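Notes to accompany the following structure.
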Amino acid sequence: MISGEGPVLVLTNPEDVTADRVIHILNVNDVPVFRCDVADFPLSITFHAVLGNGWEGRLYRPSRFLDLARVRSVYYRRPGRPRLPDNMTGPEYEFAESEARAGFLGVLAALSCRWINHPAREIEAVYKPI
């Protein structure tokens with residue numbers, strides 16, 4: 001049995017079969033899971049967060065929500081980039097996408113929970129000695 005309280009947030013793309021297997025194991029162990037893709041922010045998922053005693057707030061999908069204060073851990077594996085309205089110009093889109101990613105992942109990265117793999121570690125892993 002996997003110990004702990006609260007849900008696991010799975011940030012991945014819809015075609016990630018590895019994440020599907022992880023979620024299956026979590027479900028078998030009665031661990032609540034909230035799966036979403038960063039690419040769905042801000043058009044399909046939204047969030048509201050305030051900084052109090054740590055980050056508090058909710059991440060919303062059309063059919064359910066996640067209480068950020070209860071997140072036990074985050075599984076971060078190959079999520080997409082935020083998608084925005086198509087009617088934006090190239091520079092507008094690039095700026096808004098950068099801000100959406102920074103705001104969304106910035107709040108989530110500040111949660112006091114275990115990450116596999118933290119986005120900052122993913123960026124560092126790109127730079128390997130030859």
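The values are calculated or read from the model by the stated rules, or taken from the named source; none is laboratory data. This one's a predicted model, so the numbers in the text were calculated from it and none came from an experiment. Every residue, glycine among them, receives a Cβ derived from its backbone with ideal geometry; neighbour counts consider all protein chains shown. Note: areas computed on protein heavy atoms with side chains; ligands, DNA, RNA excluded. Shrake-Rupley method; radii C 1.70, N 1.55, O 1.52, S 1.80 Å.
Might you let me know whether segment 60-82 holds any residue that is open to solvent by less than 50 Å² (accessible area, probe 1.4 Å), of a type outside the set (Ser, Thr, Tyr) and over 17 Å from PHE34 (Cβ atoms)? For segment 60-82, residues open to solvent by less than 50 Å² (accessible area, probe 1.4 Å), of a type outside the set (Ser, Thr, Tyr) and over 17 Å from PHE34 (Cβ atoms): present. Only a single criterion out of (1) surrounded by fewer than 13 Cβ atoms within 10 Å (Cβ to Cβ); (2) in a loop (DSSP other than H, G, I, E, B); (3) touching an Asp or Glu at 6+ places or on another chain (Cβ under 7 Å) is not satisfied by VAL50, namely (2). When LEU26 is tested against (1) open to solvent by 30 Å² or more (accessible area, probe 1.4 Å); (2) out of contact with any Phe, Trp or Tyr (no Cβ under 8 Å at 6 or more places or on another chain); (3) not in a loop (DSSP other than H, G, I, E, B); (4) not aromatic (Phe, Trp, Tyr), only condition (1) is not met. Out of everything in segment 118-130 that is free of Cβ contacts under 8 Å to residues at least 24 places away in the same chain and part of a helix (DSSP H, G or I), what residue ends up being most open to solvent (accessible area, probe 1.4 Å)? Of everything passing the filter in segment 118-130, ARG121 is most open to solvent (accessible area, probe 1.4 Å). Restricting attention to segment 96-117, the residues being within 11 Å of LEU11 (Cβ to Cβ) and open to solvent by 20 Å² or more (accessible area, probe 1.4 Å) number 4. Taking segment 84-115 as the range and being more than 17 Å from the chain's Cα centre (by Cα), part of a helix (DSSP H, G or I) and acidic (Asp, Glu) as the test, the residues that pass are GLU92, GLU94.
Which one of the conditions (1) at pLDDT 95 or above; (2) open to solvent by 50 Å² or more (accessible area, probe 1.4 Å); (3) touching a strand residue (DSSP E or B) at 6+ places or on another chain (Cβ under 8 Å); (4) of a type outside the set (Val, Ile, Thr) does ARG21 fail to meet, given that it meets all the rest? ARG21 satisfies all of (1) at pLDDT 95 or above; (2) open to solvent by 50 Å² or more (accessible area, probe 1.4 Å); (3) touching a strand residue (DSSP E or B) at 6+ places or on another chain (Cβ under 8 Å); (4) of a type outside the set (Val, Ile, Thr) except (3).
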